[in-house]
1. Under 8 Å between Cβ atoms, which residue pairs at least 6 apart in sequence (or on different chains) link something in region 1-20 that is at negative phi and among the charged types (D, E, K, R) with a partner that is crowded, with 19+ Cβ neighbours inside 10 Å and at pLDDT below 95?
2. Tell me, please, whether a residue that is more than 18 Å from Tyr38 (Cα to Cα) and of a type in the set (D, E, K, R) can be found in region 60-83.
3. Out of (1) crowded, with 16+ Cβ neighbours inside 10 Å; (2) closer than 25 Å to His135 by Cβ, the odd one out for Arg4 is which?
4. Can you tell me which residues in region 21-44 are in contact (Cβ under 8 Å) with a residue 40 or more places away in the chain and under 19 Å from Arg101 (Cβ atoms)?
5. Which ones in region 56-70 are in a loop (DSSP other than H, G, I, E, B) and among the aliphatic types (A, V, I, L, M)?
6. Looking at this structure, is Ile103 surrounded by fewer than 23 Cβ atoms within 10 Å (Cβ to Cβ), touching a residue at least 40 places away in the same chain (Cβ under 8 Å) and within 18 Å of the chain's Cα centre (by Cα)?
7. Of all residues in region 109-159 being assigned to a strand (DSSP E or B) and basic (Lys, Arg), which is surrounded by the fewest Cβ atoms within 10 Å (Cβ to Cβ)?
8. Of everything in region 272-312 that's in a helix (DSSP H, G or I) and of a type in the set (Ser, Thr, Tyr), which residue is nearest to the chain's Cα centre (by Cα)?
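The values are calculated or read from the model by the stated rules, or taken from the named source; none is laboratory data. Keep in mind it's a predicted model, so treat the numbers as computed, not measured. Glycine gets a Cβ as well: all are built from the backbone with ideal geometry, and neighbour counts include every protein chain shown.
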Amino acid sequence: MNTRQHKIGSGFGARSTTLDVLQGIDLTGRLAVVTGGYSGLGLATTRALTGAGASVVVPARRPAAAEEALAGVGGVEVDELDLADPESVRGFAARFLDSGRDIDILIGNAGIMASPETRVGPGWEAQFATNHLGHHALVNRLWPAIARGGGARIVSVSSRGHQLSGIRWDDPNFANGYDKWQAYGQAKTANVLFAVQLDALGRKAGVRAFAVHPGEIITELVRHLPKQEMVDRGWIDEQGNPLDPSFKTPEQGAATQVWAATSPRLADMGGLYLEDCDVAEALGEDAADELTSGVRAYATDPGDAARLWALSAELTGVDAFAPAR
C-alpha cells in the first residue's frame, strides 16, 4: 500500500473550482497538452489553464468540434488525435516533437465510460485502449518534450470507478465475456497504476505524475448510458435533471486535475491519487465493497504498476524507458 496516501490539508475541497485553485498562480510561458480538452471537464480545464496564462494544445478525435467549442478561447491550438488508434497517436506525437517545444503539463483527460463492447486497434477492448493504452503510448512518444525542461507534471484522470475492478491480468481485453462496468473499472485502475509507475520512472528527470478522481459530474462521458439506467441509479430524474447533491459542476470537477498540475503544495510529491483537491486516503483491505472516498490498495501497488507498464509497453510497442539496444 502507498503509505503516502494521506490528506495534506490543501485548504480546498469538493466544491472548490478551477478559479479557486489557480488563485495567485501565473502560468505565462508554460505549455500544456490536454487530451479531450474541448468538452466537459476538459473544456473547463483548458479554459482555466489559458486563463492563468498557459498555452494549451488540445489533441482531439473530432478537431472540427474542438475548434467550434474553443472558439473565442485564446492561447489554444487544436490537433487531431484518436487515442484508440496507435497510428494516430504516433502521428500527433511526431508533429508535436517536430515543433521543438517543451511540455510543462500533460493532462490525460479524454476517456470513455461503460461503452458497449467494442474492439479497436489490434483487438483491444475499447475502454482499456482509449483510457489507458492510448495515453501510455502518447506520454512515452512525447517523453523527449516532457523531460527536456525538467519539472513537468503528468496528470492521469482516473475515477472512483477504479474500485469496480483491478487489472484482469489473465484477460485484460475481456475476450471471455464483457461487462461494461468491470471494463471501466479496470481502465480507471490502469490510470492510477500508470501514474504510480511513470512517477517512479520519471522523477530522475524532474517529472512527477499524479492520478485524480474529479468527482461525479454529468458530462458527455455518460453518452453510452441509457437514460433509464441513469434514472434507476438516482443520477437524474425523468426530465434529465441531476438529482444527486454530490454531483459537481465541470469547474468543480476540473479543479482537482488543475490543482494536481499546478499546485506548489505538491512539489517534491508524486505517484499519488488525488480527490477533492487533496491527496486521498488509502483504503484498507477490509474496506467495504461499495464505491467510497479513497483509493484501493491494488491501484497504488508498485509491483502491479511496474507489471502494467511492461504489459502496456508490450501491447503498444512503446516504452521511452526501455534500455537502448
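1. Arg15/Lys248
2. Taking every residue of region 60-83 in turn, none turns out to be more than 18 Å from Tyr38 (Cα to Cα) and of a type in the set (D, E, K, R).
3. Condition (1) is where Arg4 drops out.
4. Selection gives Leu27, Arg30, Leu31, Ala32, Val33, Val34, Thr35, Gly37.
5. The one that is in a loop (DSSP other than H, G, I, E, B) and among the aliphatic types (A, V, I, L, M): Leu70.
6. No.
7. The qualifying residue surrounded by the fewest Cβ atoms within 10 Å (Cβ to Cβ) is Arg119.
8. Ser312
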